[in-house]
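Engineer: Submitted below is the structure of interest, expressed as structure tokens.
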Amino acid sequence: MKLLIAAGGTGGHVYPALSVAETFINEGHCVLFAGRDNSFEKYIYENSGFQVLNIHSSLLEFSPLPLLRFSLNTARGIKDAFRILKKEKPDAVLGGGGYVSAPVLFAAFFLGIPYFIYEQNIIPGRTNRIFGKNARLIFTGFPDIYKFFNPDRTVFSGNPIRKKLLTTEKSEGLKYFGFSEKLPVLLVFGGSGGAKAINEVFSNICEEFSSKVDAQIIFITGKRDFEEISKRVRTSDRLKVLPYLEEMEFALSASDFAVSRAGAMTLTELALTETPGIVVPFPFARDDHQFKNALYLKDKGCVDIIKQDELSEEVLLNKLVYYFSDISIIDKMKCKDVFPHNSAEIIYKSIMEKIDE
């Protein structure tokens with residue numbers, strides 16, 4: 001079987017698509033990717049050994065010049081998609097989110113090629129809402145509690161994460177950072193790009209937190225803010241300040257509690273590694289989907305939420321001191337059986353069964 005995957009833009013779209021692709025490859029199938037030239041997704045996919053077919057696309061914005069650019073790129077992207085699908089003749093297409101998927105799904109629909117959709121967030125993006133109406137199956141990272149899709153064609157697969165996140169032992173993570181097994185670990189991060197609001201507030205309370213709580217800290221700032229933050233918060237035996245960490249399996253396995261954003265993949269990783277935390281949803285996410293993602297886990301008792309307009313040094317410090325005052329409080333928040341552990345395999349088996357019908 002030949003599968004074409006169209007997913008790009010951010011790590012939240014790219015890394016799950018990569019996990020699915022690797023599952024198909026391991027089962028002896030052929031996988032190709034559609035992505036933009038000189039893009040993040042192309043870099044990641046090609047570094048992982050996959051062929052990437054170039055396609056034009058851009059973000060939909062409603063001011064005059066960006067709208068014109070979107071229209072031109074979309075027209076070129078649809079032309080690219082028709083050319084690619086006619087040449088490669090895939091047996092199926094998987095749209096994994098990001099605006100690169102829209103032209104490919106459009107072409108697949110008109111060419112009669114079976115297509116599937118994977119949606120990471122609890123509130124679907126516009127592309128997936130539109131194309132979900134005719135998809136063979138829709139895979140969701142969260143249960144479709146808001147009923148966006150036809151339940152007869154919706155599969156709660158969960159979000160595929162890297163297997164290393166599930167197999168790395170706590171002792172390996174502690175060793176990686178040179179941390180003691182006797183002290184709890186706090187992880188502060190804002191995703192691959194960092195989160196300025198979290199960085200600003202935590203850097204200002206880091207010293208006071210350390211004076212009140214006997215803990216070790218991993219503070220991942222993102223490359224953009226690293227230089228500024230590292231002037232205020234300096235690395236020590238108990239405090240590691242990093243611009244970025246590719247090997248997040250070590251950070252998550254070592255940590256007892258986290259402060260983070262509330263992207264779908266971040267929450268999935270926290271839940272599956274049983275790392276509770278305080279989440280600060282990005283307030284400008286479309287349809288406020290990060291807040292709604294977080295509400296789902298809050299209702300399960302796995303996270304606490306601080307809205308960004310309520311985030312302050314006093315609020316965050318008080319909450320952290322409370323949670324670290326008794327490790328049993330943190331232990332009770334650990335997620336159990338909230339998301340499937342075998343998401344990529346669920347997607348693989350479901351697609352194969354549907355294609356064979």
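The values are calculated or read from the model by the stated rules, or taken from the named source; none is laboratory data. Source: prediction; values computed, not measured. Note: ideal-geometry Cβ built from the backbone for every residue, glycine included; neighbour counts use all protein chains shown.
Engineer: Quick check on segment 160-173. Is at least one of its residues under 24 Å from the mean Cα position of the chain (by Cα), aliphatic (A, V, I, L, M) and buried (at least 17 other Cβ atoms within 10 Å of the Cβ)?
Structural biologist: Within segment 160-173, one or more residues are under 24 Å from the mean Cα position of the chain (by Cα), aliphatic (A, V, I, L, M) and buried (at least 17 other Cβ atoms within 10 Å of the Cβ).
Engineer: Scan (1) buried (at least 18 other Cβ atoms within 10 Å of the Cβ); (2) closer than 24 Å to residue 207 by Cα for the single condition residue 180 breaks and write down its number.
Structural biologist: So the condition that residue 180 fails would be (1).
Engineer: Next question, about the same structure. Starting from residues that are assigned to a loop (DSSP other than H, G, I, E, B) and buried (at least 19 other Cβ atoms within 10 Å of the Cβ), keep the ones in segment 1-32 and report whichever is modelled with the highest pLDDT.
Structural biologist: Here the residue is 7.
Engineer: Residues to consider are 327, 355; find the one that is within 27 Å of residue 126 (Cα to Cα), touching a Pro at 6+ places or on another chain (Cβ under 8 Å) and modelled with pLDDT under 95.
Structural biologist: Among 327, 355, only 355 is within 27 Å of residue 126 (Cα to Cα), touching a Pro at 6+ places or on another chain (Cβ under 8 Å) and modelled with pLDDT under 95.
Engineer: Name the residue that is modelled with the lowest pLDDT, counting only residues in segment 38-50 that are farther than 14 Å from residue 19 by Cα and among the hydroxyl-bearing types (Ser, Thr, Tyr).
Structural biologist: So, considering only residues that are farther than 14 Å from residue 19 by Cα and among the hydroxyl-bearing types (Ser, Thr, Tyr), the one modelled with the lowest pLDDT is 39.
Engineer: Assuming residue 35 fulfils every condition listed in (1) in contact with a helix residue (DSSP H, G or I) (Cβ under 9 Å, 6 or more places away or on another chain); (2) modelled with pLDDT of 90 or more apart from one, which condition is it?
Structural biologist: Exception for residue 35: condition (2).
Engineer: Would you pick out the residues in segment 298-325 that are in a helix (DSSP H, G or I) and either under 18 Å from residue 20 (Cβ atoms) or touching a strand residue (DSSP E or B) at 6+ places or on another chain (Cβ under 8 Å) (or both)?
Structural biologist: Of everything in segment 298-325, those that are in a helix (DSSP H, G or I) and either under 18 Å from residue 20 (Cβ atoms) or touching a strand residue (DSSP E or B) at 6+ places or on another chain (Cβ under 8 Å) (or both) turn out to be 298, 316, 319, 320, 323, 324.
Engineer: Still on this structure, please answer the following. Got a number for residues in segment 326-349 being in a helix (DSSP H, G or I) and in contact (Cβ under 8 Å) with a residue 40 or more places away in the chain?
Structural biologist: 8
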